[in-house]
Amino acid sequence: TPYNFSDVQVRQEEIKEELTEEDLDRKVDIYLTETETMWMLDVPSVVMSVESEDAGKVLERNKIYIEICKNRPGNDRFIEKMMQTVNGATKNKEVQCDKIIMEEKGILVTSWDLYDSFKMLETEPVSKADGSGATTGKSGTSHAAKERDQTMSSYFYPFYLLPGSTTSRTISESAERHSEAILTSENFQQSLFFMERILMENIFQPKLAAYRQFPVLKDTSDTVAAVNEDDQEEDDKEKEDKDEQKEALIDPSLLSDLKETLEETAPPRAERLWSYTCDITHGHSVSSMAWNKANPDLLAVGYRALDSKDQKKGLACCWSLKNPMWPERIFRCKHGVTALDFSMASPNLLAVGMYNGSVSIYDVRSSNDTPLLESSASSNKHTGPAWQLRWVEQDRSATEGGKKERLICISADGRVTEWLIQKRLDCIDMMKIKRTACENQKLPGEKGRKREAPISRQAAGTCFDFHPEDTNFYLAGTEEGHIHKYSCSCNEKFIQTYRGHNGPVHKVAWNPFSTDMFLSCSADWSVILWHQDSQTPILTFSSTTAFVHDIMWSPKSAFIFAAANESRVDIWDLRVSIFNPVVSCFASPGVEFTSVLFANNTDCLLVGDRKGEVGVFALQNLAALSSNKV
């Protein structure tokens with residue numbers, strides 16, 4: 001119950017301003033009175049005092065209740081009955097609205113309605129200033145009705161549209177814009193990308209399984225094969241019974257030993273799986289190949305023109321195992337590509353050397369043809385073709401610690417350069433290769449000839465390779481046929497010269513396991529095995545009378561290497577034979593092989609040719625392929 005404090009009466013007495021001594025000594029009467037009670041919370045009690053006024057009434061009610069409870073059993077007035085509370089039906093949010101009714105409606109359009117609609121579109125519209133709210137045609141229909149009929153007729157009778165009318169042109173243009181918007185949308189492109197991946201996996205599944213050395217899954221959805229299997233079940237059971245009777249007489253351990261011996265004695269062979277090729281690479285020659293250091297399934301291939309005089313355009317393509325039919329990235333270069341390599345510290349950077357001596361660096365994460373850096377603005381760039389370039393990790397000084405990655409390039413202008421990656425590409429000379437005097441012996445009775453003065457004091461460099469353990473030393477091949485050994489700490493003179501070739505040296509390669517040995521190939525049809533402490537060749541390999549363009553050691557064995565001749569690719573196993581290759585892959589008529597590359601994680605070999613194809617071969621039954629002991 002609300003109470004008003006203003007209702008409380010307070011007796012106020014007047015207080016004089018000044019009190020005398022008599023007032024202070026006088027007795028004063030003070031009256032204390034009780035105010036009305038203000039209830040803030042009232043909780044009625046279930047008990048009552050016996051001394052209260054209503055105690056008697058409460059006791060009588062309690063006695064009546066006790067008597068009723070005693071008389072309840074057997075009394076007709078009391079019936080036990082169970083009750084169930086009816087719960088309301090639950091409703092979901094989905095059924096809170098009325099049901100949506102779908103209806104199909106159509107309209108019949110006659111030929112004269114179409115004619116009137118086209119006529120109204122061709123005539124000039126009447127301005128609103130004339131006061132005509134709606135115009136009528138020959139059939140008496142309104143302009144709004146004709147627009148409706150024309151719209152509906154475009155769905156029911158598209159063949160009535162005249163080719164030269166404005167309506168047909170607008171409809172076709174809107175359809176083209178709509179289709180272009182769909183084709184250029186990111187979601188559509190991504191969906192096509194995944195569909196392409198799935199199709200490639202289905203098409204190349206047996207080949208990819210053989211490449212990764214996985215078991216090949218056979219297609220079990222062929223109905224004809226299923227029928228044939230059902231027909232041959234009875235015959236197979238009879239054959240199995242006969243075979244079991246024969247095998248019961250043979251020890252199973254002998255069978256397993258027999259299988260092992262058959263596998264070991266099987267001759268080595270190379271099976272062609274697929275080729276990286278497309279319409280863009282046709283008419284180009286494969287000049288170089290390189291694996292990505294972080295992604296072993298990503299391959300970079302450099303292409304240049306077939307004609308050595310016309311090197312105006314080139315390609316650098318990045319191929320993936322997920323799509324052997326089209327490259328993931330296509331970089332169109334202004335000049336023919338002669339060399340390329342992926343960075344180790346930044347695997348997304350691809351360095352490309354070209355026929356005019358320029359060097360460019362591309363980011364493979366972007367599909368843009370524009371390079372990140374290029375050497376066109378450098379005043380110290382190469383003046384001859386950049387035949388080879390590589391990212392090399394070299395130990396830093398003792399104070400800096402760690403390893404430093406450097407981009408090294410060799411060119412036909414006789415220079416070995418290191419490229420500095422800053423705001424722009426610029427290079428410094430590590431070594432200028434000088435010509436050496438030829439040690440030709442005179443034949444008996446031959447008169448001495450005057451030596452012709454060389455045109456240049458520098459020899460054209462063709463290839464190089466850094467030592468796998470000590471990157472302070474490297475080899476460099478020249479067009480003279482000589483191989484020089486250099487040190488990075490001395491840029492004035494070579495340490496040693498290896499003479500054994502009679503033509504330009506196309507490639508040098510250190511053995512990754514026996515680091516004192518290295519190979520070299522030349523245009524004199526030969527491959528030579530060298531020891532770094534001896535200037536005399538240890539072994540000379542020659543399987544055909546053709547140029548040897550490329551060589552490479554196997555990354556899994558110290559005995560196996562591959563050599564690319566013009567007409568064939570030879571795989572040598574020094575533990576088996578030093579006279580003949582163990583496997584030879586012959587080229588098709590009119591095709592010449594140019595480069596080879598071993599796969600790092602599988603037993604496969606990649607071979608590039610002059611038609612722009614990179615063939616993938618699976619190497620089988622090579623006994624020494626898994627051995628790296630020297």
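The values are calculated or read from the model by the stated rules, or taken from the named source; none is laboratory data. These figures come from a predicted structure and were not determined experimentally. Neighbour counts are summed over all protein chains in view; Cβ atoms, including those assigned to glycine, are modelled from backbone coordinates with ideal geometry. The protein model used for the area step is the full one, side chains on, heavy atoms only, and it has no ligands, DNA or RNA in it. Shrake-Rupley method; radii C 1.70, N 1.55, O 1.52, S 1.80 Å.
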_Which of the numbered conditions does residue 534 fail, given that it passes all the others? Conditions: (1) in contact with a helix residue (DSSP H, G or I) (Cβ under 6 Å, 6 or more places away or on another chain); (2) of a type in the set (Ser, Thr, Tyr); (3) open to solvent by 30 Å² or more (accessible area, probe 1.4 Å)._
(1)
_Criterion first (within 18 Å of the chain's Cα centre (by Cα), under 27 Å from residue 465 (Cβ atoms) and surrounded by 18 or more Cβ atoms within 10 Å (Cβ to Cβ)) does residue 300 satisfy it?_
yes
_Can you list the strands (runs of 3 or more DSSP E) lying wholly within the range 537-623 that have 1 or more residues being open to solvent by less than 40 Å² (accessible area, probe 1.4 Å) and out of contact with any Lys or Arg (no Cβ under 8 Å at 6 or more places or on another chain)?_
539-541, 548-553, 560-565, 568-573, 593-598, 604-609, 614-620
*asked:* Could you list, ordered by first residue, the pairs with Cβ atoms under 7 Å in which the first is in the range 38-53 and exposed (fewer than 10 other Cβ atoms within 10 Å of the Cβ) and the second is assigned to a loop (DSSP other than H, G, I, E, B) and modelled with pLDDT under 90, at least 6 apart or interchain?
replied: 39/1
*Check whether at least one residue in the range 393-403 is assigned to a strand (DSSP E or B) and surrounded by 18 or more Cβ atoms within 10 Å (Cβ to Cβ), and report yes or no.*
no
*Is it the case that the range 370-378 has a residue that's on the phi > 0 side of the Ramachandran plot, out of contact with any Asp or Glu (no Cβ under 6 Å at 6 or more places or on another chain) and at pLDDT 80 or above?*
no
*Which of the residues that make up the range 191-212 are out of contact with any helix residue (DSSP H, G or I) (no Cβ under 8 Å at 6 or more places or on another chain), of a type outside the set (S, T, N, Q) and farther than 20 Å from residue 598 by Cβ?*
192, 193, 194, 195, 196, 197, 198, 199, 200, 203, 204, 206
*Looking at (1) open to solvent by less than 30 Å² (accessible area, probe 1.4 Å); (2) over 20 Å from residue 411 (Cβ atoms), which is the one condition that is false for residue 295?*
(1)
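Out of 320, 360, 346, I need the residue that is among the polar types (S, T, N, Q), more than 17 Å from the chain's Cα centre (by Cα) and open to solvent by less than 60 Å² (accessible area, probe 1.4 Å). Which one?
Numbers: 320 fails: more than 17 Å from the chain's Cα centre (by Cα); 346 fails: more than 17 Å from the chain's Cα centre (by Cα).
Just a single option satisfies the conditions, and that option is 360.
For the range 279-335, which positions are among the hydrophobic types (A, V, I, L, M, F, W, C) and outside any strand (DSSP E or B)?
Of everything in the range 279-335, those that are among the hydrophobic types (A, V, I, L, M, F, W, C) and outside any strand (DSSP E or B) turn out to be 280, 294, 306, 321, 325, 326.
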*Which of the residues that make up the range 363-385 are assigned to a loop (DSSP other than H, G, I, E, B), open to solvent by 30 Å² or more (accessible area, probe 1.4 Å) and within 26 Å of residue 459 (Cα to Cα)?*
376, 377, 379, 380, 381, 383
*Do you know which of the residues in the range 454-486 that are open to solvent by 80 Å² or more (accessible area, probe 1.4 Å) and at pLDDT 80 or above is nearest to residue 287 (Cα to Cα)?*
479
*Output the residue which, of all residues in the range 423-453 that are part of a loop (DSSP other than H, G, I, E, B) and surrounded by 10 or more Cβ atoms within 10 Å (Cβ to Cβ), is modelled with the lowest pLDDT.*
438
*asked:* Given (1) part of a loop (DSSP other than H, G, I, E, B); (2) among the basic types (Lys, Arg); (3) within 40 Å of the chain's Cα centre (by Cα), identify the lone condition not met by residue 493.
replied: (3)
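For (1) free of Cβ contacts under 8 Å to residues at least 60 places away in the same chain; (2) in contact with a strand residue (DSSP E or B) (Cβ under 8 Å, 6 or more places away or on another chain); (3) not basic (Lys, Arg), each residue gets a yes or a no:
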| position | (1), (2), (3) |
| --- | --- |
| 313 | yes, yes, no |
| 317 | yes, yes, yes |
| 329 | yes, yes, no |
| 340 | yes, yes, yes |
| 359 | no, yes, yes |
| 368 | yes, no, yes |
| 371 | yes, yes, yes |
_Close pairs from the range 488-507: first within 14 Å of residue 472 (Cα to Cα) and open to solvent by less than 80 Å² (accessible area, probe 1.4 Å), partner charged (D, E, K, R) and not in a loop (DSSP other than H, G, I, E, B), Cβ under 8 Å, at least 6 apart_ = 494/485
*When residues of the range 517-531 are filtered for being surrounded by fewer than 22 Cβ atoms within 10 Å (Cβ to Cβ), in a strand (DSSP E or B) and within 40 Å of the chain's Cα centre (by Cα), how many remain?*
2
*Qualifying positions in the range 465-487 - assigned to a loop (DSSP other than H, G, I, E, B) and without any contact (Cβ under 8 Å) to a residue 40 or more places away in the chain*: 470
*Answer from 325, 354 - the residue that is among the aliphatic types (A, V, I, L, M), surrounded by fewer than 18 Cβ atoms within 10 Å (Cβ to Cβ) and in contact (Cβ under 8 Å) with a residue 12 or more places away in the chain*: 325
